[in-house]
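In what follows, a single structure is set out as structure tokens and then discussed.
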Amino acid sequence: MSTTTAVAASGLRQFAVLAARNLRQARAGRSVGLTVVFPLTFFAGFMVVFQRLMSDYGIAYEQFLPPAIVVQTTALVAMSACYMIAGDARSGLISRYRTLPMSAVVVPLARLVVDAARAAVAVAVILIAAVLVGFRFTAGAAGAAGFVVLAVGFAVVLAAGCAALGLGARDPEQVYSALTLPYLVLTTVSTAFVPVDAFPGWLQPVVEVSPFSAQVDALRALSTEGADERVWPALVWLVVLGLLFGLAAARSFRRSR
Amino acid sequence: MSQELIQVSDLRRSFGATAAVDGVSFEVAAGEVVGLLGPNGAGKTTTIHCLTTLLKPDSGTARVAGFDVATQGAEVRRSIAVTGQFAALDELLTGRENLVLFGRLLGLGRQPAAARADELIARFDLGEVAGKAVRTYSGGLRRRLDLAASLVVDRPVLILDEPTTGLDPRSRRALWEVVRELRDGGTAVLLTTQYLEEADQLAGRVLLIDHGRVAAEGTPDELKRQLGGAVCEVRIEDPRARAVAAEQLGAVFEGLTEDEDVLRLAAGSGTLTEVVRRLESAGVEADDVTVRRPTLDEVFLSLTGSVDAEKAVDVDAAGAGR
């Protein structure tokens, strides 16, 4: 057997190698398809049921709803990230990575870059469907670009949190179904589907501080009037959650129990 | 640097109230194979996890290639090759792609990683399946690929956690051959096993681990002697014939014991023929005469002080047979 001397592997190469592998995993799992089917069905159903009702209240639902569907999709992308990384944890692959000379951030980062790509594709699919039923970016190209960047950024931040959970989990199915409840609560108890004043008074403060409301409101601003003060809460949430979840993911990888 | 590539001193690690590793000390030198032998739950894997930086020790020290596992994790990880208890492979990729992936992660360029993968495929006899997805592999194939994956780059220390569990005899022997080669090349090898035979075949030194402690330590031969070696058992159902046989054999062999209808004595070379000859000349017909080596069960029972030979299982069942 020939001698193969180990050279110090650069983090960048490790990142690229793992990202390529994760992309392949995502494609093999048809993960984009699975993350858009549910939101698209939801979109169609809500449009059929509520469009006329909402127009009675002066809300153009074809313009109001798509940002909510986009948020729903990005949350599902994040949840499937948890599922995939928990699968790698179960197969022992993550443990093997942990015995290799790798920086703690490489594995989570290689996960997140692929999640960003998946989110971008999923968001594009939703937007195409939205435009078909009358959704428009009335604030121009800059608003549209901001919309996509913010949506993908939100997906990545949520995916970081989900990756942190998934790295510690042993059962992908279990952790995925455990995430379903917070997903349903966070998307419904927010301004995603109805305006804040449609909620009972005691619930309104909760709806107002929800990061999901902040995200949906910012996306609505970017698709209509363009970047205004409604974008700030979303950006603050993005940075805070990004730091928190990013740290959690790196720690979760290099956790010495 | 010291030639002792693994130095473990009074290592302790608990999970809640359970002390999984309870004061283990040992060393492994370059060019040496040391086996941790013990039943499930003895603390073998926890020890391995501490050495591979997957777990932090509660107290005590462990140094690998001179680096402290608690404070110099990155350096330790650069010095070890690890094969865990369960094949840690990418199910999605083919066998060859797995080897290339790990080569690339360990810093090999595209070409060297591919060349090394082909070399390992040949070495581990994986040629026929190298192009197939790992999820289609049998357990034995996975173990082989898993070991190959941990040998993609040369490391001074090789750590194997039950490397041959679930392997067929041929693959097991092939793996032993690889381990011996690496040892001869100067690698320090630490392996855990549940099989006495495997420890016997591979390890220069064996540590018997039980309840998180080192119950006994020595070369395989020393341990076997310590455990009393082989046992000759003569079963005679007729009590009168048994009494005659006991008298006859007791005159020649020391330490004869009687246990219901079985006479038991320590067996050396020639014991069996001598026993049969003595019984014949005394005109006693035995119902059964056997010689067997102590089983792994007996090893641990004797070490934990509760020998119950009646429950001892067949030699081969414990993997102690040849």
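Taking trypsin sites (Lys or Arg not before Pro) across segment B:104-213, the ones in a DSSP loop with at most 16 further Cβ atoms lying within 10 angstrom of their Cβ are B:LYS132. Which of rounded, prolate, oblate describes segment A:139-238, given a ≥ b ≥ c as roots of the alpha-carbon gyration tensor eigenvalues and a/c under 1.5 marking rounded, otherwise prolate only if a/b is larger than b/c? Because a/c hits 1.5 or more and a/b fails to exceed b/c, segment A:139-238 counts as oblate.
Among A:ARG118, A:ARG13, A:ARG220, which one shows the biggest mean-square fluctuation in a GNM of chain A, springs joining Cα atoms closer than 10 Å? For chain A, modelled as a Gaussian network with Cα springs under 10 Å, the answer is A:ARG13.
On alpha-carbon atoms, Rg over Rh for segment B:17-132 using Kirkwood Rh? Can you show the working numbers first?
Values: Rg = 17.2 Å, Rh = 16.6 Å.
My calculation puts Rg/Rh at 1.03.
Gaussian network model of chain B, Cα springs within a sub-10 Å range: biggest mean-square fluctuation belongs to which of B:ASP184, B:ASP168, B:ASP261? In the Gaussian network model the winner is B:ASP261. For the protein assembly as shown, the Cα gyration tensor yields ellipsoid semi-axes of 64, 26, 21 Å (square root of five times each eigenvalue, largest first, whole Å). Taking every C-alpha pair closer than 8 Å and separated by at least 6 residues, the mean separation divided by the residue count of chain B gives a relative contact order of 19 percent.
For chain B, modelled as a GNM whose springs connect Cα atoms under 10 angstrom apart, the maximal fluctuation among B:GLY166, B:GLY212, B:GLY16 occurs at B:GLY16. 3J(HN,Hα) along segment B:193-202, derived from phi through the Karplus expression 6.51 cos²θ - 1.76 cosθ + 1.60 where θ = phi - 60°, amounts to 7, 9, 9, 4, 5, 5, 4, 4, 6, 10 Hz, with x in place of Gly and Pro.
Could you tell me how far the Cα centroid of segment A:179-257 sits from the Cα centroid of segment A:13-78, in Å? Cα centroid of segment A:13-78 versus Cα centroid of segment A:179-257: 16 Å apart. If R0 is taken as 51 Å, the Cβ-Cβ distance between A:VAL240 and B:THR219 corresponds to a FRET efficiency of 0.25.
Count Lys and Arg as plus one, Asp and Glu as minus one, and take only other residues whose Cβ is under 15 Å from that of B:VAL134; the net charge is then +4. Taking the three principal axes of the alpha carbon atoms in chain B, the coordinate ranges are 78, 47, 35 Å, sorted in descending order. Tell me the net charge near B:ASP68. Cut-off is 13 Å between Cβ atoms, B:ASP68 excluded, with +1 for each Lys or Arg and -1 for each Asp or Glu. Local charge sum for B:ASP68: +2. With charges only on Cβ, +1 for K and R and -1 for D and E, what is the dipole size of chain A about its Cα centre, in debye, rounded to 20? With only Lys, Arg, Asp and Glu charged at Cβ, the dipole is about 1420 debye.
Taking all Cα pairs closer than 8 Å and separated by 6 or more residues, the relative contact order of chain A comes to 26 percent.
Relative to the Cα centre, what is the charge dipole magnitude of segment B:1-130, using +1 at the beta carbon of each Lys and Arg, -1 at the beta carbon of each Asp and Glu, and rounding to the nearest 20 debye? Before the final figure, lay out the partial values.
Working: 12 positive and 15 negative charges, 58 e Å.
I would put it at about 280 debye.
The length gained on full extension between A:GLN174 and A:VAL133, counted as 0.36 nm times the residue separation minus their Cα-Cα distance, comes to 11.1 nm. Each label point was placed 7 Å from the Cα along the Cα-to-Cβ direction; for A:SER55 and A:ARG251 their separation is 5.1 nm.
Relative to the Cα centre, the charge distribution of the protein assembly as shown, modelled as +1 at Lys and Arg Cβ and -1 at Asp and Glu Cβ, gives a dipole magnitude of about 2660 debye. Just from its helices, what would the mean residue ellipticity at 222 nm be for the protein assembly as shown, if runs of 4 or more DSSP H residues each count -39500 (n - 2.57) and the sum is divided by every residue, rounded to the nearest 500 deg cm²/dmol? Calculated mean residue ellipticity at 222 nm is -17500 deg cm²/dmol. At a Cβ-Cβ separation cutoff of 4.7 angstrom, cysteine residues of the protein assembly as shown with no neighbouring cysteine are B:CYS50, B:CYS232.
Rounded, prolate or oblate: which one fits chain A, using the alpha carbon gyration tensor with axes a ≥ b ≥ c (rounded when a/c is under 1.5, else prolate when a/b beats b/c, else oblate)? Prolate.
Read the figures in this text as sums done on the coordinates, not as results from a lab. The structure displayed is predicted, hence computed values, not measured ones. Every residue, glycine as well, gets a Cβ built from its backbone with ideal geometry; the counts of neighbours run over all protein chains shown.
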